[in-house]
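Here's the structure we're looking at; comments come further down.
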Amino acid sequence: MKKPKTLKALIEHPWVDEVSIETISGNGYWVYLKEPYYCDLMELSTIHEYTIKECCEVFNNNVSADQEAWDRLYK
């Protein structure tokens, strides 16, 4: 699967549920992952960074399918 490098690619990625753009308020970008995808670095199913480049780097290097981690957080 192709690794996202842009906001458009991140939004369209099948593992991504939603991307919240909060740059106007200074809160950067929030990437919400679909179940069972989990970000090991953030220890959540969410990625928060201040640039798209950072979001893509975190996504590409730290996201995997982890049903056990998802269940610990949300069930």
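Bear in mind that the values in this text are calculations on the coordinates, not laboratory data. If you're wondering where the values come from, they're calculated on a predicted model, not measured in any experiment. Here the Cβ is made from the backbone with ideal geometry for all residues, glycine too, and neighbour counts use every protein chain on show.
Kindly indicate the residue of the range 23-42 that is assigned to a strand (DSSP E or B) and either of a type in the set (A, V, I, L, M, F, W, C) or touching a His at 6+ places or on another chain (Cβ under 9 Å) (or both) and also farthest from residue 58 (Cα to Cα) among those meeting that condition. Looking at residues that are assigned to a strand (DSSP E or B) and either of a type in the set (A, V, I, L, M, F, W, C) or touching a His at 6+ places or on another chain (Cβ under 9 Å) (or both), I get 28. Among the conditions (1) out of contact with any helix residue (DSSP H, G or I) (no Cβ under 8 Å at 6 or more places or on another chain); (2) assigned to a strand (DSSP E or B); (3) of a type outside the set (Asp, Glu), residue 72 misses just one, which is (2). Being outside any loop (DSSP other than H, G, I, E, B) and surrounded by fewer than 14 Cβ atoms within 10 Å (Cβ to Cβ) holds for only one residue in 53, 3, and it is 53.
For the structure I just gave you, tell me whether residue 33 is touching a Cys at 6+ places or on another chain (Cβ under 9 Å) and surrounded by 12 or more Cβ atoms within 10 Å (Cβ to Cβ). The answer is yes for residue 33. Residues in the range 59-69 that are touching a residue at least 24 places away in the same chain (Cβ under 8 Å) and part of a helix (DSSP H, G or I) were compared, and the one that is surrounded by the most Cβ atoms within 10 Å (Cβ to Cβ) is 59.
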